[in-house]
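What follows is a set of notes on a single structure, which appears directly below.
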Amino acid sequence: MTRRIVVVSGGLSEPSTTRLLADRIAEAARVAVGARGDHAEIEVIELRSLATDLATTFTAGVPTAAVARAREQLATADGLIAVSPVFAAGYSGLFKMFFDALDPDTLTGVPTVIAATAGSARHSLVLDHAMRPLLSYLRALVVPTGVFATTDDFGTGEAATALKGRIGRAADELAEQITRSTGSPRGFSDAVPAGRPRVSGNAVRTDGPSFRELLGRHPG
């Protein structure tokens, strides 16, 4: 079975350590899914190229074609890898802006790896103090192991070996949850509460009250 993993990379430079880390996790996840008998397709959303579209989406109130495509990619993904650089002890504004543009039901039950890059290990708490709460609020199912990397971790020696180990562990956790179920919603099927299905938010919903009903609730 083919599993689709979407990578959201919040790196602002080209090349960037954020994208490098995202690619390493994605490759490890592809191998881990393959080891479980399935095939993984990797799709990458580069937030740097969506910056103008995201601004337009929020100011105009209507998603651009590029943002709509990204929404649809996530709404149909089997897994997510979300990676951000650290600015002022938190994820980047562009990273937050992108997830603010999603429908609240887009990521429900989606197995997710969170990862971040920074110049210093002092920022490592961003994973559990900022990124995990954000993705959990969107009802994504974040795997236990997050991946944090500093510039030194991309070299050689013990730091690089430790990073490789964290990447492998996170990828294994992601692959395990992605391949656990063939049902819908995808992944963690037994743990996902019943309710509205995952949606991209691009279509107009018809499951809510009508305008006439809303007026009736507020006669004044």
Accessible surface of the range 1-137, 1.4 Å probe, proportion on carbon and sulfur as whole % | 56
Based on DSSP H runs of at least 4 residues, each adding -39500 (n - 2.57), what is the mean residue ellipticity at 222 nm of the chain after dividing by all its residues, to the nearest 500 deg cm²/dmol?
-> -12000 deg cm²/dmol
Mind checking the full-extension length gain between ALA159 and ASP38? Use 0.36 nm per residue of separation minus the Cα-Cα distance, one decimal, nm.
-> 40.4 nm
Roughly how tilted is helix 17-35, in degrees to the nearest 10 and between 0 and 90, from the longest Cα axis of the chain?
-> 90
If you line up the long axis of helix 51-60 against the longest principal axis of the chain, both from Cα atoms, how many degrees apart are they, to the nearest 10?
-> 20
Choice from SER124, SER200, SER16 with maximal GNM fluctuation in the chain (Cα, 10 Å cutoff) | SER16
Nearest-ten-degree value, helix 65-75 long axis tilted from longest Cα axis of the chain = 80
If eta is 1.002 mPa s and T is 20 °C, what Stokes-Einstein diffusion coefficient results for the range 1-137, Kirkwood Rh from Cα pairs, in µm²/s?
-> 140
What one gets for the range 81-180 as the Kirkwood radius, inverse of mean 1/r over different Cα pairs in Å, is 14.0
Pull up the DSSP beta bridges for the range 1-93 and report the antiparallel fraction as a percent, rounded to 5.
-> 15
Per residue solvent-accessible surface (Å²) - the range 20-145, probe of 1.4 Å = 41
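The values are calculated or read from the model by the stated rules, or taken from the named source; none is laboratory data. Treat the numbers as computed from the prediction; the structure is a model and nothing was measured. These accessible areas exclude ligands, DNA and RNA; they are computed on the full protein's heavy atoms, side chains included. Shrake-Rupley method; radii C 1.70, N 1.55, O 1.52, S 1.80 Å.
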